[in-house]
Amino acid sequence: MSSLHKRWPALFLAALFLFLCGCGGSRKPAGADPPVYSPPRVLVPEFSFSKSPDSLPLLLDLSKTDNGYLAAKNNSADKKVNLQLASLETQPYSYFLSPGELAFIPFTEGNGEYILTCYLQASSDRYAALYSQNLDVKVKNEFYPFLYPNQYVNFTPESKACKTALSMMEENTPDTQALEQIYNLVVDNVKYDTHKAETVPAGYLPDIDETLRTGEGICFDYAALMAAMLRARDIPCRLQIGYAGTTRHAWIDVYLRSAGWINKAIQYDGNVWSRLDPTFDSNPSDKEEIRAFIGDGTNYTVQFTR
């Protein structure tokens, strides 16, 4: 296996986009804009379990689907719960909740019909069906699922990463500059953890403040940390999970008000568009070989969006 392929679990295709009018990016959707808060603020999900299904070891709150999420809590003392959420166009997304765990599950496909199915752990790797419901979701703002926290991009106003994102620049900093500064902070302070990549357990979820504190992580950690910091500044961000070639990978897409959704990583140096990865910048060996592999981004395949 080449040194390049050994490093592919590290890949996190971040978005660093310096917008030049008329160049690159995706078109801004008509009649839809992210909410504007002054000053920027960390959105906090609301929940109440007063209308949960009766007699289940699972608590659900479906009252905030118009904000782009549902709340779930595993009320079992010793068993895991598996929630699967699928739209008519997508395969089910699985979310595992440990005993007592509270999680927020996003409706990443926006408006439409979803099927929510819940399972209770019967043995170490077997689950029994608990509950199923069809949901007709109408989200007030299509960007809410990519601004609120969820189980994969987990943060609060007290998260150090969010406080850092809010304090490191002026309130009215343009989103392009905010994106660049957050990108540089991650590049300068987080290094790829080879040992963690080789030993990461199944079902691993990032801890953004742990990544920031230790200065180490894998591609999933890079993606979750940058997504949380960008969302803290009201910049919509999609955490994408899929493959780079044949290797599991995580990266982000970012929405800029001047350009729309920027898919994968785009950087403009004044002359040439190129793709960039913060892991490469913090671990610069073989950068040209890796950049050649990234190319135009067609090696990347999305499975799930969080």
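The values are calculated or read from the model by the stated rules, or taken from the named source; none is laboratory data. Source: prediction; values computed, not measured. Cβ atoms come from the backbone with ideal geometry, glycine included; neighbour counts cover every protein chain shown.
Tabulated values for the structure
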item: Residue list for region 232-255, restricted to those being more than 27 Å from GLY110 (Cβ to Cβ) and touching a residue at least 40 places away in the same chain (Cβ under 8 Å); result: GLY245, THR247
item: The lone exception for ALA165 - which of (1) on the phi < 0 side of the Ramachandran plot; (2) in contact (Cβ under 8 Å) with a residue 40 or more places away in the chain; (3) in contact with a Phe, Trp or Tyr (Cβ under 9 Å, 6 or more places away or on another chain) it fails; result: (3)
item: Single match in ASN75, ASN111 (criterion: under 26 Å from THR156 (Cβ atoms) and among the polar types (S, T, N, Q)); result: ASN75
item: Residue in region 253-270 that is assigned to a loop (DSSP other than H, G, I, E, B), among the hydroxyl-bearing types (Ser, Thr, Tyr) and within 22 Å of ALA32 (Cβ to Cβ) present; result: yes
item: Scan of region 145-155 for residues that are in contact with a Pro (Cβ under 7 Å, 6 or more places away or on another chain) and either free of Cβ contacts under 8 Å to residues at least 24 places away in the same chain or over 14 Å from PRO236 (Cβ atoms) (or both), ordered by number; result: PHE155
item: Test result for GLU142, touching a residue at least 12 places away in the same chain (Cβ under 8 Å), among the acidic types (Asp, Glu) and within 22 Å of ASP234 (Cβ to Cβ); result: yes
item: Neighbours by Cβ (under 7 Å, 6+ apart or cross-chain): first from region 199-226, under 18 Å from ILE182 (Cβ atoms) and aromatic (Phe, Trp, Tyr); second surrounded by 15 or more Cβ atoms within 10 Å (Cβ to Cβ) and modelled with pLDDT of 95 or more; result: PHE220/PRO206
item: 1 or more residues in contact with a Ser or Thr (Cβ under 8 Å, 6 or more places away or on another chain) and within 25 Å of THR108 (Cβ to Cβ): qualifying helices (runs of 4 or more DSSP H) within region 145-231; result: 160-167, 175-189, 208-214
item: Entirely in region 58-125, the strands (runs of 3 or more DSSP E) that have 2 or more residues that are aliphatic (A, V, I, L, M) and more than 23 Å from TYR204 (Cβ to Cβ); result: 58-61, 112-121
